[in-house]
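For reference, the structure discussed in these notes is given below.
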Amino acid sequence: MEDITGWWDDFFWGSVAVAQIFVTALIMTVLFGLIGAAAKLSKSPVAKSIASGYTIVFRGTPEILVLLLFYFGSAVTLTAIAQIFDPEIKFIDIPPFWAGSLAIALIVGSYATETFRGAFLGVEPGQVEAGRALGLSGLQTFIYVRVPAMWRLALPPFGNHMLSLIKDTALISIIGMQETLFVAEQAIGTTGKPFTMYILVGVIYLGFSTVITLSVMMLEKYANRHLEAAR
Amino acid sequence: MSDTGRANAIEMENVNKFFGGFQALKNVSLSVKVGERIVVCGPSGSGKSTLIRCINRLEEHDSGKIVVNGHELTGAVKDIDAVRSEVGMVFQSFNLFPHLTIIQNLMLAPRLVRKSSKSEARDTAMKYLERVKIPEQADKYPSQLSGGQQQRVAIARALCMNPLVMLFDEPTSALDPEMISEVLDVMTDLAREGMTMICVTHEMGFARSVADNVVFMDYGEIVEMNPPEEFFDHPRNERTKLFLSQILSH
Amino acid sequence: MTFDFALIADSIPKMLMGIGLTFQLLFLSAVLGLVLAITLLLMRISGRWYLSVPTMVYIYIFRGTPILVQIFIIYYGLPQLEFVRDSIFWPILREPFGCAVLALTLNTGAYVSEILRGGVLGVDRGLKEAGAALGLSARHRLVYITAPIAIRLALPAYSNDVISLMKSTALASTITLLDMMGIARTIVAETYAPYEVFISLMVIYLVLTWMIQRSFGWMEKRMSRHIKVEA
């Protein structure tokens, strides 16, 4: 235990970095998921095939591969472009924070596409018809009838997506992001206690996933409060 | 009609059953003689299903005594399976095993519990399939049969264990109207052959023609029990009269 | 920007040399993980708290922490502990391959046991009651009624987990193993050509994913032949 003293604040800031990546990636994930679902549900065959391609590629490729491809690929491209202007430049990269968040958002977003699509299809057509019959416009039915119903159906699987997201943030350490695993490696360098440090990282992540799981449970309860009342 | 010399197939004394705070059975006492046919009726929530489910211990009673074919129902595990093998049950939702063919459904329990050989079990199964008049369906899967056919298979499945008592839990309630009579016919034949039966049902025509006694349950209690002529034509209790007027007026 | 096809043609065979290792990791972890999952499931549904509670804690930990961290704890962390170095398992735990298989097994075991549990819970209560009413013992009911139906219900989710497992094998490259991912990384480090190498590797993984999906699709079809056969 004493080995960890002196490292507490480093691990704290590492955890903060994890949280920042998570929030950033989460926003992008929802975006990609909604766009993907909309594309799959649209009438345009082009949109449908692009969205299909998107889900197939990102669900079938190892996360670490996507991450490395993004990071090194974009670095190589950026460096090549920069060298046109200034041949002295050796290496430019997208900060690991952004390359990493984008990569994991794209990956989990491909799963979210399927989830949102399924949730959207799960809305009872009868409810939508009732909305239109009452005179609600297309947009109003979407906002007040479709979205609330959809969200309720999507919540449990989306909770799982959030858990995947938080766990994928650990991979970003591989491209140099200074989050908890990175801190752990430095701590191991000076203390020589890999077991202690990595267990601590595990505990930190367990804490994060617990918070997420509890939040999702509360959200589910809130979303289904109308069903509870009927009991 | 009633023969006091016959043994009791089932004896229930002061049985109580609670689900949490709700009392499903209140001091229920009932004796069923060998060969007797009982129909149990009553409004939903009256405890009729709970009553028969306690007999084969799908529900455990909280107090009182239940004796089935001479075995008292307690917590001892070994006895339960043995008792159940002597008591056949037919469910409202048939509950045929979807991953097995009809004949496999019938052969499963005899082979596992009675340790019958494959050919013995098959012969018994075909015999009962013919009894319920659908031998040609033997190799089909339950999903390929109509509701009425599935329920008849369910009856045959229970009979393959050669039970001493048959319990029916609203056997026709989940069937389309045109299939009800084919199932009731099978049950009537069974009764004529002397099977001890307890049947929870709303089919009053069946009760009139087959039952030795009709039992009316309400709010967990047995309110009235009489042979059909008296039960239907001269009900004694106000609650029985009310119930009969509600269901017979349709 | 040019695409160096010669490099792709050169790299693919090299990466495919790693496929043997990828498959070994996949099959060993899948089989051992399944055995572990069934054991965990039986403990979880045993009804005895001293079996089900530790199981739930185990599953919680392994599903709540990143698999990369689990790999690091086993490979880098365990050697810190003296009793590990002295134990009979040391020859296995010293090698990156043994550590990778162990980590993947422990991880997939937790996920698969929950998937199997979902299948078991999906078996209609009425069917189990019918079995009980016929006098079948609890063990008979589990083997002849619950298990066949549960397996069929769990198959789609299980196939997804096998695909996840395959993607996770790529993480073995982080602990020096030269599976396909490991070889790809060394090629990129030498040639600075992330696009060519990583994209071709992506294609290989997509083919593997497709093969796994086809196999499971065939299995699902076979197991569902008794459902609603259009006679």
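Shielding by partners for peptide A:64-72, expressed as the average number of C-beta atoms from other protein chains within 10 Å of each residue's C-beta, is 6.
Rg over Rh for chain B works out to 0.96, using Cα positions for both radii and the Kirkwood form for Rh. Each helix, a run of at least 4 DSSP H residues, gives -39500 (n - 2.57); summed and divided by the residues of chain A, these come to -26500 deg cm²/dmol at 222 nm.
With N the number of residues in region B:1-126, Rg(Cα) / (2.2 N^0.38 Å) evaluates to 1.22. Bridgeable lysines around B:Lys118 (alpha carbons under 17 Å apart, same-chain partners fewer than 8 residues away excluded): B:Lys127. The magnitude of the dipole of region B:109-250, with charges of +1 and -1 set on the Cβ of Lys/Arg and Asp/Glu and taken from the Cα centre, is near 800 debye. Since only A:Phe158, A:Ile92, A:Ile64 are under comparison, the one whose Cα sits farthest along the positive direction of the charge dipole of region A:19-177, derived from C-beta charges on Lys, Arg, Asp and Glu, is A:Phe158. Relative to the longest principal axis of the Cα atoms of chain B, the long axis of helix B:77-86 makes an angle of roughly 80 degrees. Helix B:147-159 and the longest principal axis of the Cα set of chain B meet at an angle near 90°. Membrane-span-like helices in chain A, defined purely by DSSP H runs whose alpha carbon atoms cover 20 Å or more axially and whose average Kyte-Doolittle hydropathy reaches 0.0, are A:8-41, A:45-60, A:63-85, A:96-121, A:147-168, A:194-223.
Relative to the longest principal axis of chain C, what angle (0 to 90°, nearest 10) does the C-alpha long axis of helix C:96-121 take? Roughly 30 degrees, rounded to the nearest 10. For chain A, rounded, prolate or oblate, judged on the Cα gyration tensor with a ≥ b ≥ c (square roots of eigenvalues), a/c < 1.5 rounded, else prolate if a/b > b/c? It is oblate, given that a/c is not under 1.5 and a/b is not larger than b/c. If you take all other residues with their beta carbon under 11 Å from the beta carbon of B:Glu60, and give Lys and Arg +1 and Asp and Glu -1, the sum is +1. Using bins of 10 Å that start at zero, the share of Cα-Cα pairs per bin across region C:35-83 amounts to 24, 35, 33, 7, in whole %. Hydrodynamic radius of region C:71-112 by the Kirkwood approach over all distinct alpha-carbon pairs: 10.5 Å.
Structural descriptor for chain B: relative contact order 26 percent, calculated from alpha carbon pairs under 8 angstrom and at least 6 residues apart. Summing charges over neighbours of C:Met180, with a neighbour being any other residue whose Cβ is under 14 Å away from its Cβ, gives +2 when K and R count +1 and D and E count -1. Relative contact order of chain C, taken over Cα pairs closer than 8 Å and 6 or more residues apart, is 30 percent.
Per residue, the convex hull spanned by the Cα atoms of region C:44-124 amounts to 110 cubic angstrom.
So what's the gap between the Cα centers of region B:62-122 and region C:24-79, to the nearest angstrom? Using only Cα atoms to place each centre, the spacing works out to 37 Å.
Peptide B:101-111 shows a mean partner chain C-beta count of 2 within 10 Å per residue C-beta.
The fewest-to-most ranking of B:Asp139, C:Asp10, B:Asp81 by surrounding Cβ atoms within 10 Å reads B:Asp139, C:Asp10, B:Asp81. Over the C-alpha atoms of chain C, the Rg to Rh ratio, Rh being the Kirkwood estimate, stands at 1.07. Lys and Arg at +1, Asp and Glu at -1: add these up for the other residues within a Cβ distance under 15 Å of C:Asp4 and post the number. Charge balance in the 15 Å sphere: -2.
Between region C:170-231 and region C:89-110, the alpha-carbon centres lie 21 Å apart.
Charge dipole of region B:11-89 (Cα centre as origin; +1 on each Lys and Arg Cβ, -1 on each Asp and Glu Cβ, all else neutral): 240 debye, rounded to the nearest 20. Checking the Cα-Cα distances for A:Lys48/C:Lys221; C:Lys14/C:Lys167; B:Lys48/B:Lys78; B:Lys33/B:Lys241; B:Lys48/B:Lys115; B:Lys65/C:Lys128 against a 29 Å cut-off, the pairs over it are B:Lys48/B:Lys115. Taking other Cβ atoms within 10 Å as a rough exposure proxy, C:Glu220, B:Glu238 sort from fewest to most as B:Glu238, C:Glu220. Across peptide B:85-91, the average count of Cβ atoms from other chains found within 10 Å of a residue's Cβ is 3. Sparsely packed loop sites in region B:127-223 (the GluC sites (Glu not before Pro) outside DSSP H, G, I, E and B with at most 14 other Cβ atoms within 10 Å) comprise B:Glu193.
Cβ crowding within 10 Å, taken as a proxy for footprinting-reagent exposure, orders B:Ser173, C:Ser52 from fewest neighbours to most as B:Ser173, C:Ser52.
Using C-alpha pairs under 8 Å with a sequence gap of at least 6, the mean separation divided by the residue count of chain A gives a relative contact order of 27 percent.
Go through C:Val35, C:Tyr60, C:Leu142 and say which Cα lies farthest out towards the positive end of the charge dipole of region C:20-179; charges sit on Cβ, +1 for Lys and Arg, -1 for Asp and Glu. Of the options given, the answer is C:Leu142. Percent of C-alpha pairs per 10 Å bin in the protein assembly as shown, short distances first: 3, 11, 18, 19, 16, 14, 10, 6, 3, 1, 0, 0.
Where a number appears in this text, it was derived from the coordinates with a stated rule and is not lab data. Keep in mind it's a predicted model, so treat the numbers as computed, not measured. Note that each Cβ is placed from the backbone with ideal geometry, even for glycine, and that neighbours are counted across all protein chains shown.
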